[in-house]
Amino acid sequence: MLAQYAPPGDFLIVRSVAIATLMILVVGSRAAAQDTTKTNGGEIHGSVMAAAGNAPIAGATIEVTSSLTGATPVRESSTPDGAFRIQNLAPGRYRVRVRAIGYLPHDFAPIEISSASPSADVGTVTLTAAVTQLGPTVITGQRQDVRLAPDRNTYVVGDMPTNKGGTALDVLRNVPSVDVDIDNIVSLRGNSGVIVQINGRPSPLKPAQLGNFLAQLSADMVDKVEVIPNPSARDDPEGVAGIINIVLKQKTDVGTSGGLTVAGGTTGHVDVGGNVGVQRGPLTLYGSYGFMRDRRPRRDSIYRQNLYLSPLTYLDETGQRMQVPLMHTLTGSANYQPGEHDEITSEIVFSTRNQPDSYAVGYRELDAAGNLTARSDRFTSARQNESNLETTLGYKHSFTDKAHSLEGELRLFRNKEGGPGSVIARDLAPDGTPMDTSALEKQTSWERPSENSVKLDYVRPLTDLVRLETGYKGSLQSYHTTLDTRVFDATQSAYVPDPTRISDFTYRQVVNAAYGMVDAEAGKFQLQGGLRVEHAATQFHLNTSNTTYDNGYNSLFPSALVAYNIDDTHQMKLSYSTRIRRPDDTDLIDPTAHYADPLNLSRGNPYLKPEYIRALEFGMQSTANRTTIQVTPFFRRTLDAVRTLRTIDTAGVATRTFANVSTSDAYGTDVTVALGGERVSGFAGASGFRQVSNAANLAPGLSASTFGWTARTNATLHVSKTVDLQTLLFYQAPMTVEQGKNASRTRFSFAVRQKLMQDKMSLTLRVIDPFNTSRETNTTIDPRFFQVSQRSRSIRGLLLSANWTLGSAPKVRKSEDLVGPDN
């Protein structure tokens, strides 16, 4: 019966995943049968001594981390005689780290706890004192900046010098396989169909709106970024290329702490922010505020050869845009633990943006010999306003047996973006002298996306080696968009509506989904199988014409992962998932013409179908000393892939629209090298991929095959205990795309940081785009026209930031720390 919900061709995959899940349950049942006596859990014990003098170290911190989930279930301290004992551990593989102030940390190879061997004695751990100099003792600690795991890669970016004084978009530019273009559109592995989450929650904002929001979120508020290219059935299935999760700083663990950041630059950038955290008994509060002012000049140019006319004609178009946003962002969280097994959380993110926006563009029309035949210009002045509010309320209950939990969350999201604008268009003489005004316009547009959702997740161990996860999520998304355009009528001496550019529509989407997953360990294997069942109902209602487009569909999203631990330092994995990309409202569906200018417009397609993506990944990971290498070949097939098409009419008006092509295949390999060291640390990554699109269903000549690659390195040199130097270099090779090609892109920046006041204060100087390479060039090749478009943003400059840390050092509290003891 479930096969009727699956996208084309997924039935065999669903059946395979079901068989794999059954095998997992059989393995778990056999494991349970072999262990008929319930134990009180395993333990790891030992003692901590100083290398000099063999004296016991009291108060050393022992962290035990699950190799399967990555969670840290327990942190303990050594006793006055240096002894420690970690108890109530479920069977599995664990990583153990021992730390003490003034000593270098010690990491163990993974330790196995099983029913047959429930106790592990690690013996005496000898810690070596950190090198110190005469005078005041300075103790500094640094988290691992890069963590490569089977299901996701995590990059700790909160302390990167190249992010200081920047925005969340600058943070993403520092992450391997992630890119942000000149329009602030985020992509992963060259695909913009990626879902960006904030604290694990997907944003309902469209790519352009999301880019604006991330451009006003201070980098100082971001703690880490998780890249999940092949998510499981547990996660929301939206996104062709996967999920990028931005985790904000929040939830201090002890005492009172705070911080202050002030930054300014030669580009007109000003950034001021602060945060404070308080923990009193079972209540923890955290809040942050950021103010940012920026200056974002941009230049555009289009050179178009009109092939439909004989003799040929040309259009030479140049434009200059200036945006000066003023942004305020407020975040807050509250965590209350009424008992040992319960936790109540609440979070809020609120931001506003006020942005004057001006755009001046000039047009030169040329004949076949390149002689000027006509000249005009157009000046647009607007004021964009945006407000963004997201609130969540969550509850988690942990049962008495470990890893058995029930968690629920309510979420509310509201956004409003838009404002008034005016246009003056003029005809010019060949020397640029204004001849007359050809058009006066006033335009007001608003977009109001919102979402209400409820989520429930339940986790229960079936045996010592098998765990079941299941859950439900329901969401209601609504988008109300209005566009009012009025042109000046000289005969009436008044502005009158332009019916071709008036739009008022509502787009509603209701999604109900349920999922089930099984995680298991079998020797050196880690197994995971899951299935998500979903029903979606959408309605697009165009109020201006009282036209409604309804679409309802059912989907199955199977996922599977098999990881094999060859030894303590080598691992292989194979994962599969099915995902979806749903058409959004304005850009893809709205059939009303949206003007960039009279010669360039865009129009949506209300008949677009969702994309279904089948993704397969094979990963290999090796760790030696402080270096980790990860190689990930991947294959992705997209059914009904949405592509951008451009056409031109006999009046020289270019129209951008969207259509579904039959299939699009992408395959390639990601390589990431992470290095952790006292002198040099960082990461380097490269991604090569081929894309093959079959667009024969639309028109001949639109199918495309291309190969592209990107490379990125982010390296930090610890010049001394108080001076760090960091560089960022990114390169994207030229690529062939449907109807044309994209030129290569390069980005480079570096920063130096000086730590002061025993690391309570730091000064960071960033050199941004010193070679002025922030530009993009696209070529469109069509039987009717040939066009070269170039966009560049002036971001070259210096930015100086100062950061103060106040009070106790914050420690991040993870929700998975709330667990109950074993029976």
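Quick notes on this structure:
- For the residue pairs LYS206/LYS609; LYS206/LYS473; LYS524/LYS573, alpha carbon separations beyond 19 Å are given by LYS206/LYS473.
- Around the amide H of THR544, modelled in the peptide plane, lie the amide H atoms of ASP504, all under 5 Å away and 5 or more residues distant in sequence or on another chain.
- Of SER662, ASN512, THR548, farthest towards positive along the dipole that unit charges on Lys, Arg, Asp, Glu beta carbons give the chain: SER662
- Accessible area of ILE113 (1.4 Å probe, protein heavy atoms only, ligands and nucleic acids ignored): about 0 Å².
- Across region 499-511, coupling constants 3J(HN,Hα) worked out from phi with the 6.51/-1.76/1.60 Karplus curve, θ = phi - 60°, read x, 6, 10, 10, 9, 8, 9, 10, 10, 10, 9, 10, 10 Hz, and Gly and Pro carry x.
- Ordering TRP446, TRP804 by accessible surface, largest first, gives TRP804, TRP446; the 1.4 Å probe counts only protein heavy atoms, with every chain in place.
- Partner aspartates and glutamates for LYS455 [C-alpha distance under 18 Å; skip if fewer than 8 residues away on the same chain]: ASP235, ASP236, GLU238, ASP342, GLU343, GLU347, GLU390, GLU407, GLU409, GLU469, GLU534, GLU816
- Pairwise label distance in nanometres, GLN320 with THR266, each label 7 Å out on the Cα-Cβ vector: 1.9 nm
- Ligands, DNA and RNA are left out, and with a 1.4 angstrom probe the accessible area of the chain is 44 Å² per residue.
- The chain - percent of accessible surface contributed by carbon and sulfur, probe 1.4 Å: 57 percent
- Each label point was placed 7 Å from the Cα along the Cα-to-Cβ direction; for LEU309 and ALA334 their separation is 6.6 nm.
- Mean Cα-pair separation over length for region 480-560, i.e. relative contact order, pairs under 8 Å, 6 or more apart, %: 25 percent
- Backbone HN-Hα couplings from phi across region 79-90 [Karplus 6.51/-1.76/1.60, Hz, Gly and Pro as x]: 7, x, 8, x, 7, 9, 8, 9, 10, 6, 9, 6
- Pairwise label distance in nanometres, ASN452 with ARG383, each label 7 Å out on the Cα-Cβ vector: 3.3 nm
- Phi angles across region 457-474 convert, under the Karplus curve 6.51 cos²θ - 1.76 cosθ + 1.60 with θ = phi - 60°, into 3J(HN,Hα) values of 10, 10, 10, 8, x, 8, 9, 5, 10, 10, 10, 10, 10, 8, x, 9, 9, x Hz, Gly and Pro given as x.
- Across region 596-690, Cα-Cα pairs farther apart than 23 Å form 55% of the total.
- In summary, the aspartates and glutamates within cross-link reach of LYS755, defined as a Cα separation below 13 angstrom excluding same-chain residues under 8 places away, comprise ASP159, ASP724.
- Difference of contour (0.36 nm per residue) and Cα-Cα distance, ASP181 to ARG626: 156.9 nm
- For the chain, the C-alpha radius of gyration sits at 1.01 times the compact-globule guess of 2.2 N^0.38 Å, with N the residue count.
- Considering only the chain, percent of DSSP beta bridges that pair antiparallel, nearest 5: 95 percent
- Calculated FRET value between VAL788 and HIS541, using beta carbons and R₀ = 51 Å, to 0.05: 0.85
- Other-chain or far-sequence residues with amide H under 5 Å of SER438's (modelled H): ALA425, ARG426, ASP427
- When only Cα pairs below 8 angstrom with a gap of at least 6 residues are kept, the chain shows a relative contact order of 11 percent.
- Net lengthening on full extension, ASN512/THR644 (0.36 nm per residue, minus Cα-Cα): 44.6 nm
- Ellipsoid semi-axes for region 453-493, based on the Cα gyration tensor and the rule √(5λ), read 60, 8, 4 Å when sorted largest first.
The values are calculated or read from the model by the stated rules, or taken from the named source; none is laboratory data. For clarity, every value in this text was computed on a predicted model and none was experimentally measured. Here the Cβ is made from the backbone with ideal geometry for all residues, glycine too, and neighbour counts use every protein chain on show. Side chains are part of the model used for accessible areas, which takes the heavy atoms of the whole protein and leaves out ligands, DNA and RNA. Shrake-Rupley method; radii C 1.70, N 1.55, O 1.52, S 1.80 Å.
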